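The values are calculated or read from the model by the stated rules, or taken from the named source; none is laboratory data. What you are looking at is a predicted structure, and each value in this text was computed from that prediction instead of being measured. All Cβ positions, glycine included, derive from the backbone under ideal geometry; neighbour counts span all protein chains shown.
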Amino acid sequence: MRVTLPDGSKLEIANGTTAKQLAEKIGPGLARAAIAAKINGQLADLSTPITADATIQIITLTEAEGLEILRHSCAHIMAEAVCSIWPAAKLVYGPTVEDGFYYDIDLDEPISPSDFERIEKKMYEIAKADKPFIRKERSRSEALTKLASDRYKTDNINRTDSDVISFYSHGDGFEDLCRGPHLPSTGKVVAFKIMSVAGAYWHGDPTQKMLQRVYGTAWPTKKELDAYLQRLEEAKKRDHRVLGKQLDLFSFNEAGPGFAFIHPKGMIVWNAIVEFWRGVHNKYGYEEIKTPIILNEQLWHKSGHWDNYKENMYFTRFDDTAYAIKPMNCPGGCLVYKTRQHSYREFPMRVAELGLVHRHEASGVMHGLFRVRQFTQDDAHIFCTPEQIKPEIIGVIELAFEIYRAFGFEDFHIELSTKPAKHIGSDEIWDISTSALKDALKHKEIEHKINEGDGAFYGPKIDFHIRDCLKRSWQLGTIQLDFSMPQRFELVYTDKDNTEKTPVMIHRAILGSFERFIGILIEHYGGNLPLWLSPEQVVVLPISEKSNDYAKIVEKKLRDAQLRVGCDLSDEKIDAKIAKAHSRKPPYMLVVGPKESQSGTVNVRIRGDKKTKTVEVDKFIAMANRKIAEKKVGLTLED
C-alpha cells in the first residue's frame, strides 16, 4: 500500500501496518514523540492498522490535536481515580475544553477542594503504572445491553447514529464509553492538576439532577504546567471585575443582574472606542442607523428567531400585542431597507448599528462584563449582489484587522463554521454561501480552521479570535452570510435587466459586545490602558502647596489641548500623591515644583517606569497628542 505524508512524500507499507509502525519507519525521533495519527483526516490511535492507501499525519504533543488527546486521556485517568475513591460515583461525560478538561459525575457525596490532593495522588499512581489505552468496539445493541442500567451512558449512545460503539480501558477493571482516540498509555501523562469543582445540570436542564463537574488541566511537561498556573495567577491580578471597581469604570447591582452600570470614567473609555469605531467605518463606506429595542412577536416569527432562538429572548406585552426585546439587530435592519426601493447601483450598501440587545443568560454563567444580559453589539449589514460577496468579505476582513491592531492585538486567527443541524434555507444556498466565504479566505491567503456544523442557523460564518497577553483566546468578530433572511422579509432591488432580485445579506460584527471587549481590554492591559483610551491620561502633582498655582496653569494648558487631566492639590506629601495617582493607573504623572515653575517644564513619570524626565510643557502636549492620534500603545517620551 502507499501512504502520503503531510509534506507530499509517499511511502510503501505492508497491509495492516499500524500507525505506530509507520512512525518508526519514518524515523526514531518521530516514533518517540508520536501519540496518535490522522488517517484521511480522521484522528486515530497509534495502534490502528492501515488497510488501504491513505493520507496520514503522525500526531505529537506539539500539535493542538495532540494536546487535546493528552487532556482527554487525563480525563479518563481522573475518572478512574474518582471511581476508586468513591465507588458509588457514576460517570456522565468528560470532554476537553480550552486548556484542560472536565468530567461530570453523579455522586451524592460532595467533592471539595480538600479532596483534590488525594485525587491527584491516585492519578499519579495510575499514570506511573503506564498501562496501555485499549480500544474495544461493540455493536450498538451490544453496547446498549452492556450499559442498560446506566442512564447516562445509554443516553450518550442514543445521541449518536453510529452502529459501532467504542470503549476504552486502561488497566484492570476500568472501562469507559468513548469515541477516542487516546494516548498509547497512561505513562504519557506526566503533568496535571485538578483545578476546581462546580455544579452542572445534566444537559444544562435545571429540572434534572445536579451533577458535580470536576475541572482539570494537563500539559506535556511540568514546566508548561507551571507556566500555565503562573498565567492563571497573573490573570487573577488582572481580573476586570476587580480593576473595574478600582478604576471606577463600571459596577453591577442586584436590581438588574447581568446588566452593567457604566460609570463616568467607563464612559470615557466607551466613547473613545465608539469615536474610533465610527471613524474606521466611515473610511470603509458604512452608514449608521438605529433601530428599536422592542419589536412585535410577529416580526420574530418572520425572521426565524422565534423557532431558533426563543429560549434566549425576553418578552413583554402591551396594547394587547405580544412583543420581544431584540436579541439581534438584523430584523430591524431589514425593516429599514424596506422603507424605499433600491437599485443595483446602490450596492454594496453597508449599514452599521451600535445596537443594544438583550439575551437571557442563566445566572450561573454570568461573569462580569464577559457574560451579561444586555450589551451593545457593533453590528453591520451589507446588502449586495452575489458577484460582490467576495470583495465585501475581503473588505470586512481588512477592516477587522485594522481595528484589532489599533487596540494592540496582533495575534489572531480565523475559523470558518459550516451548516448546523438546526438551520433554515436550502442545502444549495448553504453550499453557495460556504464556498463564497472559503474563496475570500483563500484570496487573502489566510490560514483558518474549519468548524463543521457550528454555523449560525441562517448561514455559515467566519469568526475572528484574538489572543491576549496571557495567550488566552477570545472570539470577537464574526461574518455571517445570509441568503434566507432577505427572502423571508421579501427584500428586493432592481437589477441591470430591470427585474427585481433578492439581495445577499452579510451580517458582521468586529468587536462583538462592547461590554465584553472592554473587559478583555482591561485584563489584557492589566488596567494600564493605552494613552488614547485612558479615562485619566495625565495627573499633575505639585510637590507642595507653593506650587499649586503653577500646577493649575499646567492643568489648564493640558485641558485646553483636549487631554484628560487630573490635578492633586491636596496637602499630602508628594510620595503619597504619587502612590494615590499610581492606583488610578494614569499613563503619565507630571510632578511640578519651584524649579519646573521657573523653567516652564514638568517632570514626567511614565506609568510602570521608575525613570523620570524633565520636558517643556508644550513639547509634552505635542508628544501626547501625537501618540493619541496615532493610537500608540507604548508610553515612551520619544517623538
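Reported count of residues in segment 295-342, each being small (G, A, S), surrounded by 15 or more Cβ atoms within 10 Å (Cβ to Cβ) and out of contact with any Leu (no Cβ under 8 Å at 6 or more places or on another chain), is 3. Checked against the criterion of being buried (at least 18 other Cβ atoms within 10 Å of the Cβ) and not hydrophobic (A, V, I, L, M, F, W, C), segment 226-239 contains one or more residues that satisfy it. The condition of being within 23 Å of L249 (Cα to Cα) and either β-branched (V, I, T) or not assigned by TED's automatic domain parsing to the domain that holds G279 (or both) holds for only one of A551, A581, that being A581.
Taken over segment 576-609, residues that are more than 22 Å from A622 (Cα to Cα) and touching a residue at least 40 places away in the same chain (Cβ under 8 Å) amount to 4.
Restricted to helices (runs of 4 or more DSSP H) entirely inside segment 1-100, those with at least 3 residues that are assigned by TED's automatic domain parsing to the domain that holds I126 and in contact (Cβ under 8 Å) with a residue 60 or more places away in the chain are 64-85.
For every residue, the table says whether it meets (1) without any contact (Cβ under 8 Å) to a residue 24 or more places away in the chain; (2) within 25 Å of the chain's Cα centre (by Cα); (3) more than 30 Å from P113 (Cα to Cα).
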position	(1), (2), (3)
T221	no, no, no
R231	no, yes, no
L247	no, yes, yes
E254	yes, no, no
V274	no, yes, yes
K283	yes, no, yes
Y314	no, yes, yes
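May I ask you to verify whether Q246 is surrounded by fewer than 15 Cβ atoms within 10 Å (Cβ to Cβ) and polar (S, T, N, Q)? In short, yes. Out of all the residues in segment 519-546, which are of a type in the set (D, E) and surrounded by 24 or more Cβ atoms within 10 Å (Cβ to Cβ)? Within segment 519-546, E523 is the sole residue that qualifies.
Just to be sure, is G453 at pLDDT below 90, surrounded by 19 or more Cβ atoms within 10 Å (Cβ to Cβ) and on the phi > 0 side of the Ramachandran plot? No. Identify the single condition in (1) within 30 Å of D115 (Cβ to Cβ); (2) surrounded by fewer than 18 Cβ atoms within 10 Å (Cβ to Cβ); (3) at pLDDT 95 or above; (4) polar (S, T, N, Q) that T217 does not satisfy, given that it satisfies every other one. Only one criterion in (1) within 30 Å of D115 (Cβ to Cβ); (2) surrounded by fewer than 18 Cβ atoms within 10 Å (Cβ to Cβ); (3) at pLDDT 95 or above; (4) polar (S, T, N, Q) is unmet by T217, namely (2).
Taking segment 584-619 as the range and being of a type outside the set (A, V, I, L, M), closer than 28 Å to F409 by Cβ and buried (at least 21 other Cβ atoms within 10 Å of the Cβ) as the test, the residues that pass are P586, P587, Y588, R605. Of G364, G368, all but one fail to be touching a helix residue (DSSP H, G or I) at 6+ places or on another chain (Cβ under 6 Å), small (G, A, S) and in the same structural domain as E288 (by TED's automatic domain parsing); the exception is G368. The residues of segment 539-552 that are touching a Cys at 6+ places or on another chain (Cβ under 9 Å) and either of a type in the set (D, E) or not in a helix (DSSP H, G or I) (or both), listed by number, are V539, V540, L541, P542. Of H465, H423, H448, all but one fail to be at pLDDT 90 or above, surrounded by 14 or more Cβ atoms within 10 Å (Cβ to Cβ) and either over 29 Å from E346 (Cβ atoms) or in the same structural domain as Q42 (by TED's automatic domain parsing) (or both); the exception is H465. When the residues of segment 110-137 are filtered to those that are among the basic types (K, R) and more than 30 Å from P49 (Cα to Cα), the one that is surrounded by the most Cβ atoms within 10 Å (Cβ to Cβ) is K122. Among all positions in segment 144-160, there is no residue which is in contact with a Gly (Cβ under 7 Å, 6 or more places away or on another chain) and at pLDDT below 95.
The residue list K223, K209 contains one member that is modelled with pLDDT under 95 and of a type outside the set (S, T, Y), which is K209.
In segment 547-558, the residues that are surrounded by fewer than 21 Cβ atoms within 10 Å (Cβ to Cβ) form Cβ pairs under 8 Å with partners that are hydroxyl-bearing (S, T, Y), at six or more places apart or across chains, as follows: Y550/S597.
Residue-wise test of (1) in contact with a Phe, Trp or Tyr (Cβ under 9 Å, 6 or more places away or on another chain); (2) over 22 Å from C384 (Cα atoms); (3) part of a loop (DSSP other than H, G, I, E, B).
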| position | (1), (2), (3) |
| --- | --- |
| I446 | no, yes, yes |
| I450 | no, yes, no |
| D463 | no, no, no |
| C469 | yes, yes, yes |
| W474 | yes, yes, no |
| G477 | yes, no, no |
| D497 | no, no, yes |
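Results for (1) surrounded by fewer than 16 Cβ atoms within 10 Å (Cβ to Cβ); (2) modelled with pLDDT of 95 or more; (3) of a type in the set (S, T, N, Q), shown as yes or no for each residue.
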site	(1), (2), (3)
R345	yes, yes, no
G355	no, yes, no
R371	no, no, no
G408	no, no, no
K419	no, no, no
E428	yes, no, no
S435	yes, no, yes
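The condition (being without any contact (Cβ under 8 Å) to a residue 40 or more places away in the chain, among the basic types (K, R) and within 30 Å of F276 (Cα to Cα)) is satisfied by just one residue among K471, K442: K442.
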